[in-house]
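Notes follow once the structure below has been shown.
None of the figures in this text is laboratory data; all of them are computed from the coordinates on show. Please read all numbers here as calculations on a predicted model, not as lab measurements. Using ideal geometry, Cβ is built from the backbone for each residue, glycine included, and neighbour counts are taken over all protein chains shown.
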Amino acid sequence: MFNIGKIVNTHGVRGEVKVLRITDFEDRFNVGNTMYIAKDKDQPIPVEVVSHRIHKGFDLLQFKGIENINDVESFKGAFLKVAEDQLNELEEDAYYYHEIIGSAVYLTNGEELGTIKEILSPGANDVWVVNRKEGKDVLIPYIEDVVKEVDVTNQKVVIEPMEGLLD
């Protein structure tokens with residue numbers, strides 16, 4: 001299952017939850033969609049969206065059969081998830097984070113640099129954090145000039161570092 005949002009609070013008294021979105025796909029929260037509420041090690045709870053609106057930068061959702069603040073109070077801190085078969089098709093050269101994290105990173109000369117352990121999204125482009133075998137982590141900008149090849153099937157990424165990137 002894959003995270004699409006985090007329930008950060010309740011909203012009002014009619015069972016709405018305030019969600020911090022962790023997805024680029026707005027249609028995830030459309031009325032009628034099913035998702036799962038997962039908290040800690042508990043079994044995920046399937047829920048159906050009956051209302052969705054945006055308020056002050058957060059998604060406000062209400063779920064079928066849940067109409068009271070007392071019913072959603074325990075959801076605070078839980079993640080909203082979707083199953084793998086609910087993932088959207090991506091454009092060419094676009095990837096889900098789970099497809100990239102864990103990939104081995106090689107330089108164009110064949111030397112292995114390390115493994116991608118995290119992806120940051122600070123602005124215009126993602127930054128892939130590479131855990132080196134030795135030394136400090138390296139931040140690789142996901143731009144055409146640096147990332148030359150991505151093979152999600154074999155979990156392999158080839159980069160051509162720009163000057164100063166590996167220092």
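Numbers at a glance
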quantity: Among I143, Y95, I69 the positive-end extreme of the charge dipole of the stretch 69-167 (Cβ point charges); calculated: I69
quantity: Simple label model, 7 Å out from Cα along Cβ direction - T108 to K39, nm; calculated: 5.2
quantity: Kirkwood Rh, Cα atoms: Rg over Rh of the chain; calculated: 1.08
quantity: Count of lysine pairs in the stretch 59-167 with Cα separation under 28 Å (8 or more residues apart, or interchain); calculated: 14
quantity: Dipole magnitude of the stretch 1-129, debye to nearest 20 (Cβ charges: Lys/Arg +1, Asp/Glu -1, about Cα centre); calculated: 860
quantity: FRET efficiency, 1/(1 + (r/R0)^6) with R0 41 Å, evaluated for D93 and I69 via beta carbons; calculated: 0.40
quantity: DSSP-defined antiparallel bridges as percent of all bridges, the chain, nearest 5; calculated: 90
quantity: Label-point gap, in nm, between K117 and V8 - each point 7 angstrom along Cα→Cβ; calculated: 2.7
quantity: Exposed trypsin sites (Lys or Arg not before Pro) absent: longest stretch of the chain, with sites in DSSP loops and at most 10 other Cβ within 10 Å deemed exposed; calculated: 57-132
quantity: From phi via Karplus (6.51, -1.76, 1.60), per-residue ³J(HN,Hα) for the stretch 69-83 in Hz, x at Gly/Pro; calculated: 4, 5, 6, 10, 3, 6, 7, 3, x, 7, 9, 8, 10, 10, 7
quantity: P(r), alpha carbons of the stretch 97-159 - 10 Å bins starting at zero, rounded %; calculated: 24, 61, 15
quantity: Two-site FRET efficiency, N154 against A83, from Cβ-Cβ distance with R₀ of 35 Å, rounded to 0.05; calculated: 0.90
quantity: Pairs of Cα atoms farther than 22 Å apart, the stretch 2-86, %; calculated: 13
quantity: Average Cα contact separation per residue, the chain, under 8 Å, 6 or more apart, as relative contact order %; calculated: 18
